[in-house]
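The values are calculated or read from the model by the stated rules, or taken from the named source; none is laboratory data. The structure presented is a predicted model; accordingly, all values stated were derived computationally and were not measured. For neighbour counting, all protein chains shown are included, and Cβ atoms are generated from backbone atoms with ideal geometry for every residue, glycine included.
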Amino acid sequence: MLEFLANVDWSAVTPYIAIGFAAQLVDGALGMAFGVICSTLLVSVMGVPPARASAGVHLVEVFTTGASGISHVLHKNVDWSLFARLAIPGVIGGCAGAYLLSNIDASVTRPIVMLYLTCIGFYLLYKALTYPTAPKPKEAKVATPLGLIGGFLDASGGGGWGPVVTSNLLIQGTDPRKTVGTVNTAEFFLTTSISITFILTIGLEAFTLVTGGLLIGGLIAAPFGAVIAKRIQPKTLMLMVGTVLTATSLFSLYKALT
């Protein structure tokens with residue numbers, strides 16, 4: 001083990017540790033953006049095929065969402081009734097999306113994935129600009145379909161569970177703190193099922209040293225998300241994430257189409 005660590009090019013891995021840390025910090029605070037940010041950078045900057053990028057990100061999220069979920073449970077940020085309505089359909093949709101992405105040519109899926117991520121970026125900007133200052137918490141009326149769609153898009157696009165599910169729940173007027181905590185905790189079961197599906201369809205070769213860097217950074221940041229969710233309003237962070245994600249995705253979409 002020590003010999004393996006000594007042979008690792010840490011100068012090459014460090015940027016991915018930083019990406020994993022920043023993405024998970026935002027994800028823990030907003031209930032979104034880890035998969036979207038990481039997948040965008042892996043596909044556009046590193047040129048990783050969408051299926052491999054999604055597989056690597058979801059394997060990392062098994063650990064980061066587990067740590068984040070435990071932290072949210074300890075801080076009492078989880079609505080267990082809403083959790084059940086999200087987790088079960090989310091797992092079903094996630095497995096279906098992972099299977100579909102694993103059996104489609106990467107050259108075909110890349111523009112589609114980048115277009116999807118661009119739309120998510122614009123949606124985050126819209127949410128940031130229209131986010132109410134002090135919303136009154138309401139019970140979610142539509143949750144199961146959100147879980148199903150969010151799980152499918154998350155697996156097939158390499159990210160999207162948080163942007164789709166968290167944003168739509170907030171539109172319905174749910175409590176931001178409980179929403180973020182519940183979505184993050186449910187995501188652990190989603191990412192675990194998606195990772196298993198990817199392993200069965202494309203094998204362990206999809207997971208690279210880059211995945212290890214994202215994992216290290218994500219695990220370091222995971223416990224802090226629950227604290228941030230309780231103390232900081234998400235509007236500013238959401239605006240920053242939406243801006244960066246939209247710009248990056250538009251550039252990636254341009255490169256994919258030219």
| field | Some residue of the range 178-196 being at pLDDT below 80, in contact with a helix residue (DSSP H, G or I) (Cβ under 9 Å, 6 or more places away or on another chain), more than 20 Å from G28 (Cβ to Cβ) and surrounded by fewer than 21 Cβ atoms within 10 Å (Cβ to Cβ) | value | no
| query | Can you pull out the residues in the range 220-232 that are out of contact with any His (no Cβ under 7 Å at 6 or more places or on another chain) and either assigned to a helix (DSSP H, G or I) or modelled with pLDDT of 70 or more (or both)? | reply | I220, A221, A222, P223, F224, G225, V227, I228, A229, R231
| query | So which of A67, A22, A53 ends up being out of contact with any strand residue (DSSP E or B) (no Cβ under 8 Å at 6 or more places or on another chain), of a type outside the set (D, E, K, R), closer than 30 Å to K138 by Cα and at pLDDT 70 or above? | reply | A67
| said: Could you list, ordered by first residue, the pairs with Cβ atoms under 7 Å in which the first is in the range 72-86 and assigned to a loop (DSSP other than H, G, I, E, B) and the second is of a type in the set (S, T, Y), at least 6 apart or interchain? | reply: V78/T182; V78/T185; D79/T182
